[in-house]
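Shown next, in structure tokens, is the structure this report addresses.
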Amino acid sequence: MFGRSKSQSTIPLDRIRAIAEQSPPNAYSDYGSLKKREPRMTVYKPAYVMLSYGEKVPVVVKNMNSTGLRIEFFQNTTLGERVQIVEPSIPLRAWAEVVWERNGASGLRLIDTG
């Protein structure tokens, strides 16, 4: 523990160079072709979501664009895969797919039903 340190093995420089010169995996080759999402508009609008079994859950819409929105809820609730979001003043009444849920917040992707 104290005293002389044990010798540490070193990785040869030629091994490091070989790793650094490798091309990236194919999974990253299409990264540049991904479509950037439209910027979100920051809002603070009270709304509610209707769950699949009919329960109304009050939420706050925090940001949104034409394809989705972020909501935060006041009670710890699991939304499920699909919900209806309603906010009368925007006006917004649409079906949405739940993309993620974390710590009282959720990201929704609006579903085009037309």
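Please compute the net charge surrounding V98, taking Lys and Arg as +1 and Asp and Glu as -1 over other residues with Cβ under 13 Å from its Cβ. Kindly include the intermediate steps, with their values, before the conclusion.
Numbers: positive: R70, R82, R102, R109; negative: E81, E97, E101.
With Lys, Arg at +1 and Asp, Glu at -1, the neighbours total +1.
Assuming R0 = 25 Å, can you tell me the calculated FRET efficiency for the pair D112 and K56, based on Cβ-Cβ distance, to the nearest 0.05? Working shown, then result.
Numbers: r = 24 Å, r/R0 = 0.94.
In this case the efficiency is close to 0.60.
Please give the length that would be gained between N76 and A105 if that part of the chain were fully extended, namely 0.36 nm times their separation in residues minus their C-alpha to C-alpha distance (nm, one decimal).
Length gained between N76 and A105: 9.5 nm.
Residue-wise, which Karplus ³J(HN,Hα) couplings in Hz belong to region 102-108, taking 6.51 cos²θ - 1.76 cosθ + 1.60, θ = phi - 60°, and x for glycine or proline?
7, 6, x, 9, 8, x, 10
Provide the per-residue ³J(HN,Hα) series for region 61-69, in order, calculated from phi with Karplus coefficients 6.51, -1.76, 1.60 and θ = phi - 60°, each as a whole number of Hz, with x at glycine and proline positions.
Each residue of region 61-69 in turn: 7, 9, 8, 7, 8, 6, 10, x, 7 Hz.
Classify region 41-110 as rounded, prolate or oblate, taking a ≥ b ≥ c as the square roots of the eigenvalues of its Cα gyration tensor: rounded when a/c is under 1.5, otherwise prolate if a/b is larger than b/c and oblate if not.
rounded
Laboratory data are not the source of any read-out in this text; all were calculated from the coordinates shown. Predicted model only: the values in this text are computed from it and were never measured. No Cβ is skipped: glycine too gets one built from the backbone with ideal geometry, and neighbour counts run over all protein chains shown.
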